[in-house]
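Chemist: Just dropping this structure here.
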C-alpha cells in the first residue's frame, strides 16, 4: 500500500531528527576527547588549606595529581591517599577550572604525649595514638602517665577497654584548650581515674578527683597557684569542687 503524503513527511522528519541527534552526539564526543586530551585542563597548581602540622609538599605528594586531567581525577582515591598521613583527620577536594585543585584538610588535634620505651607518641583528644616522635617536643603538651602501653598502633586508643580511664583522659586533656593551663602543666596521671593527679612544671602536684566538672576544677587550681603566698613553694593542692575550695599541703618526704 503506497504511503500517504503525511506519512512520508513524518518519516522524513524523523530521519532528519535522528540525523541531527547523531551529529550532536558525535560533536559532544569530539568535544569530550578535546577536553580530555588537551593540556589546557592538566592540573598545574595544587592549593592546600588549613595545614598547620603537615607540610604542603607532603600533601601535594600524597595527592599526586599534577599533570592529570582535572576531569579525570579520582577524588575518593586522593582523599584516601592523603588520609594515610597520621595527622590528617578530614580531607575535602575541590576542582577549580581550568587547571587547579584545592585541598582543604582538617588535622587531628594533638593533646598530649605518652612515653613508649625511648620514644614518645602523640595522642589526640580522643586518646588515640597518632605518631612516634624520637624526643620530647618543645610544644607544651602534657605527658600522660598511669597508662601501660606495650606497642605503637596508629589510631588505636592508649587506654584499651577501661571506660573510666578513657573518660578521665578525654576530660583532663581539655586543659590544652586553655593557654594559661597548658603552659603550666607538665604531666597528668590517670592511674586512678577517680583521683586524677596533675604535676606542674614547678613540680606542684594537683589532685582534682574524677573527670567531672573538669573546667571548674582547673579554674580553682589555676587561681590557687596564682596566689602570691605559694610563690616558690612545692607541695600538693587538693581541689574540692563541692565547696569551691583548694587546700595546700606540704608534701611529706618519706624516710628511706
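The values are calculated or read from the model by the stated rules, or taken from the named source; none is laboratory data. Note that the structure is a prediction, hence the values are computed from the model and not measured. Neighbour counts are summed over all protein chains in view; Cβ atoms, including those assigned to glycine, are modelled from backbone coordinates with ideal geometry.
Chemist: Can you report the number of residues in the range 191-212 which are in a loop (DSSP other than H, G, I, E, B) and farther than 20 Å from residue 242 by Cβ?
Modeler: We begin by selecting, within the range 191-212, every residue in a loop (DSSP other than H, G, I, E, B); these are 191-195, 201-204, 210-212.
Subset that is farther than 20 Å from residue 242 by Cβ: 191, 201-204.
Number of matching residues: 5.
Chemist: Same structure, new question: If a residue has to be touching a helix residue (DSSP H, G or I) at 6+ places or on another chain (Cβ under 9 Å) and closer than 17 Å to residue 106 by Cβ to count, how many in the range 59-78 make the cut?
Modeler: Counting residues in the range 59-78 that are touching a helix residue (DSSP H, G or I) at 6+ places or on another chain (Cβ under 9 Å) and closer than 17 Å to residue 106 by Cβ gives 4.
Chemist: Something else about it: Considering every residue within the range 183-193, establish whether at least one is surrounded by 14 or more Cβ atoms within 10 Å (Cβ to Cβ) and on the phi > 0 side of the Ramachandran plot.
Modeler: Checked the range 183-193: no residue is surrounded by 14 or more Cβ atoms within 10 Å (Cβ to Cβ) and on the phi > 0 side of the Ramachandran plot.
Chemist: For the condition assigned by TED's automatic domain parsing to the domain that holds residue 165 and modelled with pLDDT under 95, what is the one hit in 233, 197, 254? Talk me through it step by step, then tell me what you get.
Modeler: Values: 197 fails: modelled with pLDDT under 95; 254 fails: assigned by TED's automatic domain parsing to the domain that holds residue 165.
Of the residues listed, the single one that is assigned by TED's automatic domain parsing to the domain that holds residue 165 and modelled with pLDDT under 95 is 233.
Chemist: When residue 232 is evaluated against the numbered criteria (1) more than 21 Å from residue 127 (Cβ to Cβ); (2) surrounded by 13 or more Cβ atoms within 10 Å (Cβ to Cβ), which criterion, by number, is the only one it fails?
Modeler: That leaves (2) as the condition not met.
Chemist: Pick from the range 214-230 the residues that are touching a helix residue (DSSP H, G or I) at 6+ places or on another chain (Cβ under 9 Å) and either over 22 Å from residue 193 (Cβ atoms) or not in a helix (DSSP H, G or I) (or both): which of them is modelled with the highest pLDDT?
Modeler: Within the range 214-230, the match that is modelled with the highest pLDDT is 224.
Chemist: Within the range 180-189, can one find any residue that is assigned to a loop (DSSP other than H, G, I, E, B) and under 22 Å from residue 236 (Cα atoms)? Show your work before the answer.
Modeler: Narrowing the range 180-189 to residues assigned to a loop (DSSP other than H, G, I, E, B): 183-184.
Filter again for under 22 Å from residue 236 (Cα atoms), leaving 183-184.
Yes: the range 180-189 contains one or more residues that are assigned to a loop (DSSP other than H, G, I, E, B) and under 22 Å from residue 236 (Cα atoms).
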